[in-house]
């Protein structure tokens, strides 16, 4: 609200009436937040307890004597040196590369007219409709034939193939919404398609790119099924694979298991916290008459 | 500064033609306004000059060079869009310098030119702002600044004032005109607002349905409209049209349908019995104390400086603009003096102005 000159009859100092709908909304939000926070509290508390304390105390009781050794123990036993490194390599290459390829494709679909554009887009979108479980066996055969089992490209390429279609879908509809005058003005200013893409479209699309980056980072970081099939060598395992082995091997040590889970989840949470500030909408406001 | 020749330019989208062969000559430094109702093809024509639309037939030349296949950036033009099209993530200075930056100009040169343009438009204090932090009028000015910085041969304006409120529009109108006076660059300007066209243009091109109806100076079009469309399009309130028949020796009088008889201008090429449309500007009609044609007042609109009347004349309704304040109420009878008003006489069939002997 903009401040306006107060009239002598202004009653703004009076308490406004309570809005019960708003109260109910807040109550619901708090409840939902509690439901979502509960598992995190459980995991963090348990990761700091000894096995005996886990058995003796309630799941949500704070650890009396925090046992930080769980973390060092889990790091060693879960071979995090290897799995963490592998996960980082795969995610750090796949996520930006995928986003870059998708946004370039999306720009072409949205702004460059060419024959067969609609058909090609449909074919790409078809990729979002196939559940990857159906593809697991053929995928294994394909990667095997390419002699890429147990290699980084062997898992990064399929990740790209499954990640790009939905990103193209989202980005091209976003790009379509960018006023055509913006790219026309840039064309008159002397910009090539690639310059328009890089200098105008990417900056304007930061919110949606940040959202896609977070989603893609989390799903790549946590991906299990494809990694399980394509990475057989333990030295190539990613974090989720390491975690699964953990549970079988040390099924009784809940403290260490949860410490491992915390360490797995942490990078995704950090990435989320870094990029969520770009979620602010309205980056395009002011470009054209709004 | 430059000339623009548009020769028999056509445009169709598939089988659907939007421009049917258009010819316009624009002299160096001229301010030309393309005006017409929505869908008349004026914006399409401007975009074809800019190179944003392909040309189906004919040629467009800038400074004698045919530019049909030339990329927009190589045409040496600058365009101001209706919705400004400022780059939202760049500051005002970056927006204005973008074209120079892409052309590979040095930092100092960019800064000098941007500062110069900002000085012309009064944008010096806004150079570090983002477009979102500017008002509508300021954004409009930045869009013009972006055009000025490039020092193009031709400025193209596509309805640049449509998104501004009425007061600001009047102000920007004067600013654009002053800018043209100062820079003396050729301007092609598209609008649907006839007031903008009348007040700013050196030359107006009135378009309708993909055709040019008439080209001329504002006052020439106002005083000698070639047909009923141009006559009705220019001027506010619009010209009154009355159906009538030529009567008398040598076609000396016009019998208005059930509303009396008025003398015709001398030397008109017409025949007795011919059905015509008579056009009279609202401000040319007066109220007579005695005599004149009786009419009934329907609506009275005092604007302060003028009084607008809607009156019924016979079976037809017309508008009268009086320069004085007058106490009238709806339902009252008045006598209109049409005798001295310059009549525009158009053929009823062709809607074209009747030629005169002179």
Restricting the stretch B:300-358 to residues that are over 18 Å from residue B:232 (Cα atoms) and not assigned by TED's automatic domain parsing to the domain that holds residue B:273, which is modelled with the lowest pLDDT?
B:358
Among the residues of the stretch B:27-39, is any at the interface with chain A (Cβ under 8 Å from one of its Cβ atoms) and in a strand (DSSP E or B)?
no
Taking the criterion of being at pLDDT 90 or above, outside any helix (DSSP H, G or I) and surrounded by fewer than 22 Cβ atoms within 10 Å (Cβ to Cβ), would at least one residue in the stretch A:202-215 satisfy it?
no
Out of the residues in the stretch B:58-79 meeting the condition of being part of a strand (DSSP E or B) and facing another protein chain (nearest Cβ under 9 Å), tell me which one is surrounded by the most Cβ atoms within 10 Å (Cβ to Cβ).
B:79
Mind telling me which of the residues A:48, A:97, A:29 ends up being in contact (Cβ under 8 Å) with a residue 60 or more places away in the chain and not assigned by TED's automatic domain parsing to the domain that holds residue A:152?
A:48
Tally the residues that are assigned to a loop (DSSP other than H, G, I, E, B) and either closer than 15 Å to residue A:95 by Cα or more than 14 Å from every other protein chain (Cβ to nearest Cβ) (or both), restricting the search to the stretch A:158-191.
0
If you take the residues in the stretch B:40-57 that are free of Cβ contacts under 8 Å to residues at least 40 places away in the same chain and outside any loop (DSSP other than H, G, I, E, B), which one is surrounded by the fewest Cβ atoms within 10 Å (Cβ to Cβ)?
B:44
Mind checking whether some residue in the stretch B:269-279 is at pLDDT 90 or above, under 30 Å from residue B:332 (Cα atoms) and under 16 Å from the mean Cα position of the chain (by Cα)?
no
Can you tell me how many residues in the stretch A:50-68 are touching a helix residue (DSSP H, G or I) at 6+ places or on another chain (Cβ under 9 Å) and not in a loop (DSSP other than H, G, I, E, B)?
4
The condition from (1) within 20 Å of the chain's Cα centre (by Cα); (2) at pLDDT 90 or above; (3) within 28 Å of residue A:119 (Cα to Cα) that residue A:183 misses is numbered (1)
Being part of a loop (DSSP other than H, G, I, E, B) and over 24 Å from residue B:162 (Cα atoms) narrows B:104, B:119 down to just B:104
Quick test for you: out of B:220, B:193, pick the one residue that is away from chain A (no Cβ under 13 Å), over 28 Å from residue B:67 (Cα atoms) and in contact (Cβ under 8 Å) with a residue 60 or more places away in the chain.
B:193
I'm trying to understand the selection: among the residues of the stretch B:91-119, which are facing chain A (nearest Cβ under 8 Å) and either within 29 Å of the chain's Cα centre (by Cα) or surrounded by 17 or more Cβ atoms within 10 Å (Cβ to Cβ) (or both)?
B:98, B:99
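The values are calculated or read from the model by the stated rules, or taken from the named source; none is laboratory data. These numbers were taken from a predicted model, which means no experiment stands behind them. Note: ideal-geometry Cβ built from the backbone for every residue, glycine included; neighbour counts use all protein chains shown.
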